[in-house]
Structure formats: structure tokens, C-alpha cells
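One structure is given here, and the rest of the page talks about it.
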Amino acid sequence: MSYLQPRPNTDTDTGTTNRGSTRTTALNAAGAGARTRRKEARPNEIVDAALAEFVDKGFAGASVQAIAKRAGVSKGTVFVYFETKEDLFKAVVRANIAAPLNTWRDETRDYHGSTRDLVVHSMHQWWTDVGSTPAAGICKLLLQEAVNFPEIAAFYQEEVIEPGMLHMRAILQRGVDRGEFKTTDLDTTGMNVFSPLLFLAMWQQAMGTDKPICGPAIDAREFIDNHARLMLDGICHTPAQATPPTAQATNSTANNGMLGRS
């Protein structure tokens, strides 16, 4: 067995090896592919950087220069994809808040369980996709700055608030139509369902989660489940849980004793 490696083929005119030429071509192709993939990912990276900047600094305090630095690109590169800071903000909202809402609507159409369970599922889903993520900081931003930036407030109303309320109204109407819920003002009830979740997101954004700087640490899942029980028991024709039999027996014994003494 020979351990000598084959001699690379040599171009007789130039004296260069075909192997070296082939390797260079392959490296160039790989580099071009990586650059292409990097370019395709760049808008998403800029949007992620913009989300972090808006949450940290607010809309007024955020700058395109700072967003570019977070994304690891030049300021000019940001403007290749987004003409203004407002366009960047819109992209952040669409990617992180409006997009999950479209997914929830699709899930609602295919849901086969009770409407009560659907409401609870929707609340937990919002918390998972938005409330527990950095995107919740956008909700806080809007509450603080909407009055100073009516254009972005109007955009948020159109892209998030109105579709979200229509979605919740449709869920509640489903419950009424199926005889599960009492007839009520659906718009007001929708706000009653959602408002505590917004409070929870603002609380954790402002105070922290595990060790808040002020007030108690709030377990999100327990908070949502407790709110759902309080809220839905008020509009459901049938409460979620009847009195346990042991409690009924105890109450009956107590009542009989009281009647015997009277």
C-alpha cells in the first residue's frame, strides 16, 4: 500500500493547481451564501434591536443610531429597510403583537371546547406570546406616550386594539349563542376580561417579576386563573364548580341542628 498522496493536477499553462482553484471557488460560494443568509436575516435583527431600544428608552428617547448599534449595523443600513423611526416602531408592533393576534383568531375558529375554556385559553395565550415577553413593554410605552404621538397611537388602535377587541367580542358572542353566557354588553365585558392582564404586564414591567422592587411577586398563571374564575362565574349560566358534596353534607347538618334548636 502506498502512502504517497496523489499529486494535484496542474494547469500546464499557469502552473496553478486545480485543487486550489476549486477550493477558492468553493470558499467564495460559501461566503456569498452566508452573506445572502445574513442579509435576509438583517431586517428581523433590526426589528429585535428596535424592540429592545423602544422598551428601554420609549419612543421619544429611542434613536435610529442606537438601534443600529444594537443590531450591529450602520445607521444607513437601517434606513435601507425602514424609512423612519415610526416605520421601525410599526414593524416591531406587527411582528411582536399583531402577528400573534392573527394566530389566535385562527385557533378560535377551530376550537371545539367550551367558551369558558376558550376565554381562559386566550388569556393564557396572550400572556405567553405578549404579556410575559419584552413586547409587553410596548403596551407600557403606549400608555405613557400615546398622547404625545397620536400617529403611533392611531396605528396601534387600528392594528392591535380594534382587532383584539373584535376577537374577544366574537368569543363572548359564541358563549351567548351557545347558551353558556348571559346576555351582556360584550364590549365592556371584553375590556373587563382583558384589563387585568394589561395591569399584570405593566406591573411586572415596572416592578420586576421574581423580586419586585415594590409590592408582592405575582404568579402570572395563578393570577389569570383566579381572575377568570371571578369574571366568568359572573357571566356563566352555570358556575364552573358546584359545592363539593362534603361541604353540602356539612351545611345540611348544620342547618338541621339550627332548625332543631329553634
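Put simply, of T183, T189, T209 the only residue that is of a type in the set (S, T, Y) and farther than 23 Å from D129 by Cα is T183. Only residues that are more than 20 Å from A50 (Cβ to Cβ) and outside any helix (DSSP H, G or I) were counted in region 133-169, giving 1.
On inspection, T133 qualifies as open to solvent by 20 Å² or more (accessible area, probe 1.4 Å) and among the polar types (S, T, N, Q). Per the listing R116, R105, R94, the residue uniquely in a helix (DSSP H, G or I) and in contact with a Cys (Cβ under 8 Å, 6 or more places away or on another chain) is R116. For I97, the test of being farther than 24 Å from D233 by Cα and within 12 Å of the chain's Cα centre (by Cα) is passed. Looking across region 179-202, the residues that are surrounded by fewer than 19 Cβ atoms within 10 Å (Cβ to Cβ) and either among the aromatic types (F, W, Y) or more than 24 Å from G234 (Cα to Cα) (or both) come down to F194, F199, M202.
The values are calculated or read from the model by the stated rules, or taken from the named source; none is laboratory data. It should be emphasised that the depicted structure is a prediction, and the values quoted were computed from it without experimental measurement. Don't worry about glycine lacking a Cβ; one is built from the backbone with ideal geometry, like all the others, and counts go over all protein chains shown. Remember, those area values only see protein heavy atoms, side chains included, never the ligands or the DNA or RNA. Shrake-Rupley method; radii C 1.70, N 1.55, O 1.52, S 1.80 Å.
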